[in-house]
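Let me begin by presenting the structure, written as C-alpha cells, before commenting on it.
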Amino acid sequence: MATVEQRRVLVTEVPGPRSRELHARRAAAVSSGVGTTLPVYVERAGGGIVRDVDGNQLIDFGSGIAVTSVGNAAPRVVDAVREQVGAFTHTCFMITPYEGYVAVCEQLNGFTPGGFEKRSALFNSGAEAVENAVKVARHATGRPAVVVFEHAYHGRTNLTMALTAKSMPYKHRFGPFAGEVYRVPMAYPFRWPTGQENCAAEAFEQFTTLVHTQVGEANVAAVVVEPIQGEGGFVVPAPGFLASVARWCREHDILLVADEVQTGFCRTGDWFASEHEGIEPDLVTTAKGIAGGLPLAAVTGRAELMDAVHTGGLGGTFGGNPIACAAALATIETMRTDDHAGAARAIESVMRPRLDALAEKFPFIGDVRGRGAMLAIELVGADKAPDPARTAAIAAAAHRAGLVVLTAGTFGNVLRFLPPLVIPHDLLTEGMDILEDAITSTG
C-alpha cells in the first residue's frame with residue numbers, strides 16, 4: 001500500500017489554494033454549525049504526517065482527537081478492513097450476529113481494569129457509550145441521579161450535554177437537558193484556591209458534602225468521571241482523589257463509571273488511565289482510539305450490571321458494525337505487538353522535558369500536565385487569568401508552520417497534544433521545535 005513520506009513539507013501557504021477552494025465549497029454545502037480547527041483538506045495521512053490536497057505535509061499532534069493512535073492507515077487495520085468489506089459490510093448484530101462483535105467484547109472483557117467477570121456492548125460513538133453506561137447504571141441500581149464534575153466533557157447527545165460542563169459551543173441554546181444530573185467540583189490542582197497540596201482532600205470533602213446535602217447517597221446511581229479530563233483541559237485530578245471517590249462509591253453502593261473515551265487504548269502510557277490511578281470502575285466507556293479511525297464505542301462492566309438490563313434494552317442498528325469490529329481487533333493486535341503503551345511513555349519522555357523547559361522560560365505557561373502522549377499546557381496572564389487569545393495565536397502560528405495542534409479547556413486557554421503513538425522520533429522533536437518557535441513568537 002502507498003505510504004506517506006515521514007517528513008514535513010510546505011509547498012504553499014497553509015491553507016493552500018486547493019484547500020481554500022474546497023473550503024468555499026464546504027461553506028455552500030455543510031452546516032456552519034460544524035466547526036473546523038484547521039481548514040486544510042486531507043488527501044492522505046499516515047504515521048505522524050497529514051498531507052493536504054496542495055501537497056503540504058503537516059506534522060500531526062492531534063490524531064483526529066486521539067483517534068488514530070496507531071496511525072491513519074495502520075497496515076493490520078487496512079488489511080482487516082479490506083478483508084471484512086469483501087465479506088459483508090452489515091447485517092445488524094441484533095438481527096443476524098457475527099463473530100467480530102463477540103471477539104471485540106471478549107478482548108475488552110479481558111483487559112479493561114478489574115479482575116471481575118465482565119460483559120460488553122458495542123455502539124458507534126463515545127457519547128452513545130456514556131449514555132448507555134448511564135442507562136445500565138440506572139437500570140441496575142434502580143436509582144435516578146448521576147453525579148458529574150466541573151470541566152467534564154462527555155458528548156453531544158441530550159443526556160451527555162447535560163453531563164458536560166462547558167456551555168459554548170456544546171450546550172448553548174440546545175436545552176432543556178436531561179434531569180437528575182448533579183455537578184460537583186473537580187480536584188483541579190492548578191486552580192485549587194488553597195493550593196495544590198490541599199486539592200485532593202478538600203475536593204473530596206466538597207464532593208461528599210454536596211452529594212449528601214443536595215442529592216442523597218441513596219438516590220445516586222453513578223458517578224461519571226474522566227480519569228484525565230479531555231476537552232476540559234487535560235486536567236489530571238490531584239493524586240488520591242479518584243481513589244477516594246472509588247472507595248466512597250463502594251461504601252454507598254454507587255457505581256463508578258470511568259469515561260475512558262479519550263484516555264483509553266494506550267494513550268496515557270497504560271492501556272487505560274484508570275490503571276495508573278489504581279481504580280477498578282464498575283463500568284468503562286471507550287471509543288476514539290479503539291478502532292484505528294473507524295466509528296466504534298463500547299461499554300464494558302461488571303457482568304451482573306450489564307446483564308441486569310432486559311433483552312433488547314441495549315443496542316442500535318450500526319453498533320458494533322462488522323468493519324469497525326475488524327478494525328478494532330487489528331488495532332488491539334497492533335497496540336499489543338508494537339507496545340503502544342510503551343510508545344506513549346517514550347513520547348512523554350521527549351515532550352514533557354521540553355514543555356517544562358518552556359514553562360520555565362515563559363511565565364504565561366502556567367501549568368504543564370498530562371500523562372503519556374496526552375499532554376497539555378495552560379496559558380495564563382496575571383493571577384492565573386485564562387489567556388485564550390494567546391492560546392489561539394500560538395495554535396495559528398503552529399498551523400502556518402505545518403504543525404497540527406489542538407486547543408481545549410473550559411476557558412479556551414489550553415494547548416493539548418495528542419500525537420499518534422507511531423510518530424517517528426525526528427518528527428516529534430521537529431514538532432516541538434515548531435511549537436517552541438510559535439510560543440516564542442507570542443512572547
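The values are calculated or read from the model by the stated rules, or taken from the named source; none is laboratory data. What you are looking at is a predicted structure, and each value in this text was computed from that prediction instead of being measured. Virtual Cβ from ideal backbone geometry, glycine too; neighbours counted across all protein chains shown.
Quick notes
- So ALA103, is it in the same structural domain as GLY216 (by TED's automatic domain parsing), outside any loop (DSSP other than H, G, I, E, B) and either surrounded by 20 or more Cβ atoms within 10 Å (Cβ to Cβ) or among the acidic types (Asp, Glu) (or both): no
- Scanning the stretch 283-319 for residues that are touching a Leu at 6+ places or on another chain (Cβ under 6 Å) and farther than 23 Å from GLU231 by Cα yields GLY301, GLY319.
- Taken over the stretch 367-394, the criterion of being of a type in the set (Gly, Ala, Ser), crowded, with 20+ Cβ neighbours inside 10 Å and out of contact with any Cys (no Cβ under 9 Å at 6 or more places or on another chain) is satisfied by GLY370, ALA376.
- VAL134 touching a residue at least 12 places away in the same chain (Cβ under 8 Å) and crowded, with 22+ Cβ neighbours inside 10 Å: yes
- Residue match in the stretch 88-99 (condition: polar (S, T, N, Q) and within 23 Å of ILE394 (Cβ to Cβ)): no
- The single condition among (1) in a helix (DSSP H, G or I); (2) touching a Leu at 6+ places or on another chain (Cβ under 7 Å); (3) surrounded by fewer than 24 Cβ atoms within 10 Å (Cβ to Cβ) that ILE279 does not satisfy is (1).
- From the options ALA324, ALA341, ALA357, residue that is part of a helix (DSSP H, G or I) and farther than 25 Å from VAL50 by Cβ: ALA357
- Residue match in the stretch 352-366 (condition: of a type in the set (A, V, I, L, M) and within 19 Å of the chain's Cα centre (by Cα)): no
- Options ILE49, ILE59; residue that is in contact with a Gly (Cβ under 6 Å, 6 or more places away or on another chain) and buried (at least 22 other Cβ atoms within 10 Å of the Cβ): ILE59
- The condition of being within 23 Å of the chain's Cα centre (by Cα), under 15 Å from TRP248 (Cα atoms) and either of a type in the set (D, E, K, R) or modelled with pLDDT of 95 or more (or both) holds for only one of VAL211, VAL236, VAL223, VAL181, that being VAL223.
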